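Following: one structure in structure tokens, then a few remarks.
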Amino acid sequence: MWKFEKSSKAVFFEKVIGKQMPVAGNLFQNKSRICMALGMPKNCSTEALNERVGSALKNPITPETVENSLVKQVILRGEEARLEKFPIPTFFEGDAGSYITAGACIVRHLNGSMNMGIYRIQVLDGKRLAIHASPRSDLYRIFLKKETEGSETLETAIAIGVEPATIFAAILKPLPGVSEFNVAGALKGEPIKITECETVDLMVPCEAEIVLEGEIRLKEKISEGPFGEIGGYYGTSISPVMEITAIYYRKQPIFHVILPGPSSEHFTLINLANIGIKKSVLKKLKEKFSSVKDLNLVWSPSTGTMMKLIISLENKGSDIEPREILETVFNLKVREMTVGSFVKQVVVVDEDVNIYDSSEVEWAVNTRTPNEKRIIVIPNFQSWNNDYAAEDGCSVRFGIDATKSLNKRKKFEKVQIPKY
Ligand SMILES: Cc1cc2nc3c(=O)[nH]c(=O)nc-3n(C[C@H](O)[C@H](O)[C@H](O)COP(=O)(O)O)c2cc1C
């Protein structure tokens, strides 16, 4: 999978040693794939995809409940419901074991609706799993609330091999009270089909290849991991254990795998959830600085778990305006977080620099930054929990003004290839 993710190829492992089921992976490692999966043109623009996702979040579609589903062609319950037959991979040398990475995990939200998310799920043995809910997930909040209410268990279903719109919706953050099932329908353009579970009071998407059902034992916590995380390091957590009560699947199921760790696929998928953040940072900046034209929030294998923000200006008001923008942006608030809690570096460029091309941005930094007055360094900025560099929760932030000085516009005119 690592070999082919760089060449943008999907992989299908037909014969997995010792297992009967094939494995499919590398399905969503770039924007084109996401667009194609949603029936959009392969080369559709970032703006068009953002628009589609934004509109799905605003116009959810109620799912359709059906009785018969292909995912129930083979049903195993009780002792028969075990994981050994599934081709669940181990990804990194230091991982604690095999992990399910493309399981849409469904629990009942505190308001009773279906909450769905993709989480790393460690296989502890044939009957037990550990689901890692990060402190920013709804699942984590559901765990906490249920525990404080004194609940011992939480019913859960994990759907593997669901249709693309369902995977994408599971990663998005719907408006409060809206189920990810409804966002999946809106992304797809028609209601997704769901069916009742066998041993728990939940609904699952019918298009799944495989469903695992069970109970999370909220008080039975184990040390989950180590597991190769998105930032490129191993991570562990304390997570509750899930005991499997039933497994069902199609007659010839395909086991879907999302490449975890610092893969393009992992970043491409989680960036879907960043569309709203990008929009609100841009709106807030434009309200304060009329010269702000656009921005790109970069979260990729090269940025790790802290993001990089590139801001482009059109006709900056003065030579000190970019510095004022840098001093402001880290402290702006979105979704109850400061921008600086998840952004490590900010670069301000002129409108002639393509903010989606990292080499053009680097070119601007290297050719247009004359002195240290163009750089700001903020020590001890409060980080989110994902910052590996943080000490006591804080780390340094950098801002670079790579715009052309107003009196040097002619000198910094970019060479142009003649139009003919
Ligand atoms: C491959 C992959 C792995 C992920 N692993 C986790 C994880 O282990 N824990 C977590 O909380 N979020 C993880 N996420 C992000 C969540 O899917 C995302 O934040 C989702 O909105 C969580 O849903 P919730 O807020 O309804 O709980 C992962 C995303 C992807 C694409």
Checklist entry - Which lysines, on any chain, are close to K219 with Cα under 16 Å apart, when same-chain ones fewer than 8 places away are left out? => result K145, K146
Checklist entry - Taking a label point 7 Å from the Cα of D319 along the Cα→Cβ vector, which residues of the range 379-420 have an amide N closer than 20 Å to it? => result 399-414
Item to check | MRE, 222 nm, helices only [DSSP H, n ≥ 4, -39500 (n - 2.57), over the chain, to nearest 500] | outcome: -6500 deg cm²/dmol
Checklist entry - Quick one: if you stick a label point 7 Å off each Cα along the C-beta vector at T369 and T90, how many nm between them? => result 4.3
Next on the checklist: Could you work out how much longer the chain between S302 and E51 gets when fully extended? Use 0.36 nm per residue separation minus the Cα distance between them, nm to one decimal.
Outcome noted: 87.8 nm
Item to check | Gain on full stretching of the segment that runs from Y356 to E152 - 0.36 nm per residue minus C-alpha separation | outcome: 68.6 nm
Checklist entry - Given charges of +1 on the Cβ of Lys and Arg and -1 on the Cβ of Asp and Glu, with all other atoms neutral, how large is the dipole of the range 203-313 about its Cα centre, in debye to the nearest 20? => result 760
Checklist entry - Over the range 378-420, what percent of the accessible surface lies on carbon and sulfur atoms, probe 1.4 Å? => result 57
Item to check | Cβ-derived FRET efficiency at R0 51 Å, R82 paired with S7, nearest 0.05 | outcome: 0.90
Item to check | Simple label model, 7 Å out from Cα along Cβ direction - T328 to K288, nm | outcome: 0.5
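Estimate the FRET efficiency between S405 and D201 by the formula 1/(1 + (r/R0)^6), using the beta-carbon distance for r and 45 Å for R0, to the nearest 0.05. It would help to have the intermediate numbers written out before the result.
Details: r = 65 Å, r/R0 = 1.45.
Given R0 = 45 Å and the Cβ-Cβ separation, E is 0.10.
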Checklist entry - With Cβ to Cβ distances under 14 Å as the rule, what net charge do the other residues near R128 carry (K, R +1; D, E -1)? => result -4
Checklist entry - Considering every Cα-Cα pair within the chain, what fraction, in whole percent, is farther apart than 28 Å? => result 52
Checklist entry - For the range 21-126, what ratio Rg/Rh do Cα atoms give with a Kirkwood hydrodynamic radius? => result 1.01
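Which entries of K31/K288; K188/K278; K85/K188 have Cα-Cα distances beyond 28 Å here?
Distance filter (> 28 Å) returns K31/K288; K85/K188.
The values are calculated or read from the model by the stated rules, or taken from the named source; none is laboratory data. A quick note: this is a predicted structure, and the numbers were derived from the prediction, not measured. All Cβ positions, glycine included, derive from the backbone under ideal geometry; neighbour counts span all protein chains shown. Side chains are part of the model used for accessible areas, which takes the heavy atoms of the whole protein and leaves out ligands, DNA and RNA. Shrake-Rupley method; radii C 1.70, N 1.55, O 1.52, S 1.80 Å.
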